[in-house]
Amino acid sequence: MSIIALSRISKSFGDKTVLHGVDLEVGEGEMVGLIGASGSGKSTLIRMICGLERMDRGTAGRIALFDKETQKDGRFSEHCEGLRREVGVIFQQFNLISRLSLLTNVLAGRLGRIPRWRGTTGLFPQSDKVKALRALERVGLIDQAHQRASTLSGGQQQRGAIARVLTQEARLILADEPIASLDPASAKLVMSTLRQINRLDKTTVIVSLHQIDHAFEHCDRIIALKDGRVLHNGPTGGISPDDIADLYGVEAGSLDLVKAR
Ligand code: ADP
Ligand code: MG
């Protein structure tokens, strides 16, 4: 089964085109590193995949998730809303609601949306709580379950966000720069947690990064974006970090693409 199929996706904001006819296929169980400098279109592409952004009207493009169409030729299809529940999204920041407990935040994964209530976990059936506690155990945060999210470190909050998508039982995880604001040790732990879920559960993961080394260390495939175009798309073993640096015109040995031009 194809998990993601994109063909000829274009996106403009005003008169600025930020994605130029992107094609992309992702298969079941892959962990894909989407790399590119800031402004290359990573977030826009991720937002298109999860249905938060619509492709340009009047262009002949198509997006399908799990072999079902979500957008075609600039229109959302009837499947889009339902499929969004199967996609877990992790952002760079603001992943958890700070005034709620970690457990409540993780339970929100069962709703497929951000909760509005004041934070009681009594609304959820016991089976949901068991799922949420198991997910917290898997990401190493069981002892923090009843802490307010605001008392957790950035790395712990990000692992909490991973526990939430586990509780959601997402079939696809889209993580948009999940480690960009973390210290190196927390970044490593978040990446290895994502990789472990990908390996054990066969959940497909797309993770956007501007750090080449993390993509090489944890991903099966690297998709390199530059100015809204796919510069490279292939297995991690098929290219070296220096080749990637060369493609972007940054110095060999440079691992951070944030300012690549
Ligand atoms: P990345 O995630 O790789 O940094 P983005 O997808 O956020 O890149 O942005 C790609 C380009 O699109 C940037 O030039 C950005 O300024 C522009 N852009 C993104 N979202 C919007 C928006 N809602 N309105 C206008 N321009 C946008
Ligand atoms: Mg971004």
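Here is how the numbers come out for the structure above:
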| item | result |
| --- | --- |
| Any hit, the stretch 222-230, residues being out of contact with any Leu (no Cβ under 6 Å at 6 or more places or on another chain), within 17 Å of Pro178 (Cβ to Cβ), acidic (Asp, Glu) and within 16 Å of ligand 2 (Cβ to nearest atom) | no |
| All positions within the stretch 237-255 that are charged (D, E, K, R) and either modelled with pLDDT of 90 or more or part of a helix (DSSP H, G or I) (or both) | Asp242, Asp243, Asp246 |
| Number of positions in the stretch 136-148 that are farther than 22 Å from Lys188 by Cβ and not polar (S, T, N, Q) | 3 |
| Selection status of Lys188, charged (D, E, K, R) and within 16 Å of ligand 1 (Cβ to nearest atom) | no |
| Filter result for the condition that a residue is touching a Lys or Arg at 6+ places or on another chain (Cβ under 8 Å) and within 13 Å of ligand 2 (Cβ to nearest atom), over Gly36, Gly29, Gly21, Gly51 | Gly36 |
| Residue in the stretch 16-36 that is within 16 Å of ligand 1 (Cβ to nearest atom), under 26 Å from Ala187 (Cα atoms), among the small types (Gly, Ala, Ser) and crowded, with 21+ Cβ neighbours inside 10 Å present | yes |
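Yes/no matrix, rows are residues, columns are (1) not in a strand (DSSP E or B); (2) not acidic (Asp, Glu):
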position	(1), (2)
Leu189	yes, yes
Leu194	yes, yes
Asn198	yes, yes
Val207	no, yes
Asp213	yes, no
Phe216	yes, yes
Ala224	no, yes
Val230	no, yes
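The values are calculated or read from the model by the stated rules, or taken from the named source; none is laboratory data. Being a predicted model, the structure only gives us computed values, none of them experimental. Please note: Cβ atoms are built from the backbone with ideal geometry, for glycine as well, and neighbour counts cover all protein chains shown.
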